[in-house]
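So the structure is just underneath, and the comments pick up after that.
Values in this text are rule-based calculations from the coordinates and carry no lab data. Keep in mind that this is a model prediction, so the values were computed, not measured.
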Amino acid sequence: MKKTLAGGITVVAAAAVLPLALAACSTLPSDVAAGAPDVDKATQMTSSITNNTQEDLTLVSASHAGGVTHWQDQAPKTLAAGATAKVTDYGSGDNSMTIVYQDATGSKFTFKASDPLIGNNSSSATTTSTSYTTTASNSSGHDDWTTFTITAGHTFDFTGAAQTYTVPAGVTELNVDLTGGAGGVATSVDNNGYNNGAEIKGTLAVTPGEVLTVGVGGSANDGWRGGWGLDYNGSSFSGGDALNFPWNHAFGGGGASVITADGQIVAVAGGSGGIGYISDVSYTSSAGLAGLNGSLTGSNGGPGSSGGKAGALDDTQGGTPTDGSDSGVNPGAGGGGYKGGATGVDGTYGGGGAGSSYDAGLTNPTVQNSPEWGGNQQQHAGRLILTAAN
């Protein structure tokens, strides 16, 4: 890369990758102190890494690349609990750095920052830990300042299997944002264009080292088949399946999302019901929406008395219809929940009822029907976001 400086001097910057061995990271002298030339100072980057955990982290590697790059403030060998590290370098052209730390379990925390001569600055922070989460934000210009943080918490997306969260040291409260899965809905149906599950928020008291079991509910994206839900006490939190016919079918219910501790239910975000079907008229029923209007029960399916009742079952799984036809009418299935939603009435095209939610394990809880994600009015699977509250 060529760069013309004041006085007409042209500099050709060659790419260089300078990895630092762990033993050298805390002992290598500063290039600035050695009097690096001003011509190498076209870009400068400073990364601030804050360790908001209760344990020390160990440096794995620190590397930078670009046009003749120099370290100014190097990454410390140990990033102490509660401490902030300042890492600075500069170079004659494009500039990037990668810093990697790890905790006592071997989980990695990787921080990347890039400051090109031409184009936008960028940054990213990732971790292999399921107890902590990372964030990254950066400024613009050629004196780039990037801020990285490590905090207790994790985001759990749908996987179709049980997941676990181990509470890290020093954490006694977690903020919970739990969303249930969407019931099936045709894109031609109003129903707000989507049919998302309930969203439960609140604060959960925890103990360091405690293990939470998480089941993130699935959506009825396969149409007639209900969304996945965690197995529990011989049943599951899955949405009910609708009847599957070759030419037409109603829709399955959404799976509920759940948190358990020591086998006991802490919180449940119900899944919404699936809509029903009637030939020639197509999808004209309405499904029950979990968490609608702040209700733990949610809403019934419709139309009228043909819709399934919300939270009407003693089982956590949504109700499944038994009567329908390929050329006639098919009811929608119920959503999974603390109490599953009932299917639409057999022999009708009633929508399934919503699965109910549960928040007794949380303090200051709130409930609502989950808003759409991404602005495209498409139903989605559930999600759990945990962040440290203390």
When all alpha-carbon pairs of region 50-150 are counted, what percent fall beyond 23 Å? 23 percent
Explain nothing, just compute: Karplus ³J(HN,Hα) = 6.51 cos²θ - 1.76 cosθ + 1.60, θ = phi - 60°, for every residue of region 312-317 in order, whole Hz, x for Gly and Pro. 8, 9, 7, 8, 7, 8
What whole number of Å gives the distance from the Cα centroid of region 70-128 to the Cα centroid of region 242-279? 44 Å
For Glu173, enumerate residues with amide H under 5 Å from its amide H, sequence gap 5+ or separate chain, H modeled in the peptide plane. Val206, Ala389, Asn390
Sequence order, region 354-361: Karplus ³J(HN,Hα) from phi using 6.51 cos²θ - 1.76 cosθ + 1.60, θ = phi - 60°, Hz rounded, Gly and Pro as x, gives 6, x, 7, 10, 8, 9, 5, x
The answer for Lys108, listing residues at least 5 apart or on another chain whose modeled amide H is closer than 5 Å to its amide H, is Thr128, Ser129
What are the ³J(HN,Hα) couplings of region 258-263, residue after residue, when phi is run through the Karplus curve with 6.51, -1.76, 1.60 and θ = phi - 60°? Round to Hz, x for glycine and proline. 9, 10, 10, 9, 6, x
